[in-house]
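Q: One structure, pasted below without further comment.
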Amino acid sequence: MMSDEKKLAIIATKGSLDWGYPPFILASTAAALGYETQIFFTFYGLALLKKKLDLQVTSLGNPAMPMPMPVPVIMQTLPGMQAMMTSMMKKKMKSKGVASLEELRELSIEAEVKMVACQMTVDLFEFDTKEFIDGIEYGGAATFFEFAGESDICLYI
Amino acid sequence: MPDFAKELDASGLNCPLPILRAKKTLNGMESGQILRIIATDPGSVKDFDAFANQTGNELLESTEEGGKYVFFIKRK
């Protein structure tokens, strides 16, 4: 690694479809710009490391989410609504040429973005590490700071 | 219009894909070679300028042709 290379450290804490985008968009772009990049996945962010991504999006608790038509909150809680919103969001993204999360993650990996999974969260939720993609490392807060302490940009997402 | 060694059609792709594809294509090219990129994402105009400024690959030309944005980038 070049010593004058800039560094970007990201903490990914959220596991919904919409919030899964910023870490991978920023990491893959930073890598393309020459940044050495690392993402530390903790709590719900670990869902972004599953081999099979099954992320959902919901308008519940998210009143700013644009909807094709107004739906009363009580209706939004009905069974099947979350799956419907997720499917609509994915269709919309595809039609606008927005990459899938899988693709952005793959591009990040290709660009040598280092991914670290929070060991404590893995233990806490009893995740099976076989469900996670290959090539990730497991570590804790001190591991994160080893890289973040040297970073030029540090983001909590 | 500069002579170019390679062309990348990023039409229909949205941020950050045009940049990522361009970077990948440039990686496979030799220093001094020119890449022509076609994109439809209006944000790509500013983004390719920023990409060039940060990576040292030179943006030789940035134009719009009938709703399409065309960029010429010289590999560092």
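Q: Would you please list the contacts, defined by Cβ atoms under 6 Å and residues six or more apart or on different chains, that run from a residue in region A:100-116 that is more than 10 Å from chain B (Cβ to nearest Cβ) to a residue that is assigned to a strand (DSSP E or B) and at pLDDT 95 or above?
A: Correct list of pairs: A:113/A:37; A:114/A:38; A:115/A:39; A:116/A:40; A:116/A:137; A:116/A:139.
Q: Determine which member of the set B:74, B:68 is more than 28 Å from residue A:7 (Cα to Cα) and more than 12 Å from chain A (Cβ to nearest Cβ).
A: Within the list B:74, B:68, the selection yields B:68.
Q: Let me ask you something else. Report, by residue number, each residue of region A:1-51 that is away from chain B (no Cβ under 14 Å), open to solvent by 10 Å² or more (accessible area, probe 1.4 Å) and of a type in the set (Gly, Ala, Ser).
A: Correct list: A:3, A:15, A:16, A:47.
Q: Let me ask something additional. Any chance region B:6-29 includes a residue that's assigned to a loop (DSSP other than H, G, I, E, B) and of a type in the set (D, E, K, R)?
A: There is no residue in region B:6-29 that is assigned to a loop (DSSP other than H, G, I, E, B) and of a type in the set (D, E, K, R).
Q: Give A:139, A:97, A:135 a once-over and let me know the one that is open to solvent by less than 70 Å² (accessible area, probe 1.4 Å) and on the phi > 0 side of the Ramachandran plot.
A: Result of the check over A:139, A:97, A:135: A:97.
Q: Look through region B:30-48, keep the residues that are assigned to a helix (DSSP H, G or I) and within 12 Å of chain A (Cβ to nearest Cβ), and return whichever of them is nearest to the chain's Cα centre (by Cα).
A: Top of the filtered list is B:48.
Q: Name the residues in region B:32-58 that are under 18 Å from residue A:33 (Cβ atoms), touching a Lys or Arg at 6+ places or on another chain (Cβ under 8 Å) and open to solvent by 30 Å² or more (accessible area, probe 1.4 Å), would you?
A: Hits for region B:32-58 are B:56, B:58.
The values are calculated or read from the model by the stated rules, or taken from the named source; none is laboratory data. Given the structure is predicted, the values throughout are model-derived calculations rather than measurements. Don't worry about glycine lacking a Cβ; one is built from the backbone with ideal geometry, like all the others, and counts go over all protein chains shown. Accessible surface is based on the protein model in full, side chains and every heavy atom, while ligands, DNA and RNA are left aside. Shrake-Rupley method; radii C 1.70, N 1.55, O 1.52, S 1.80 Å.
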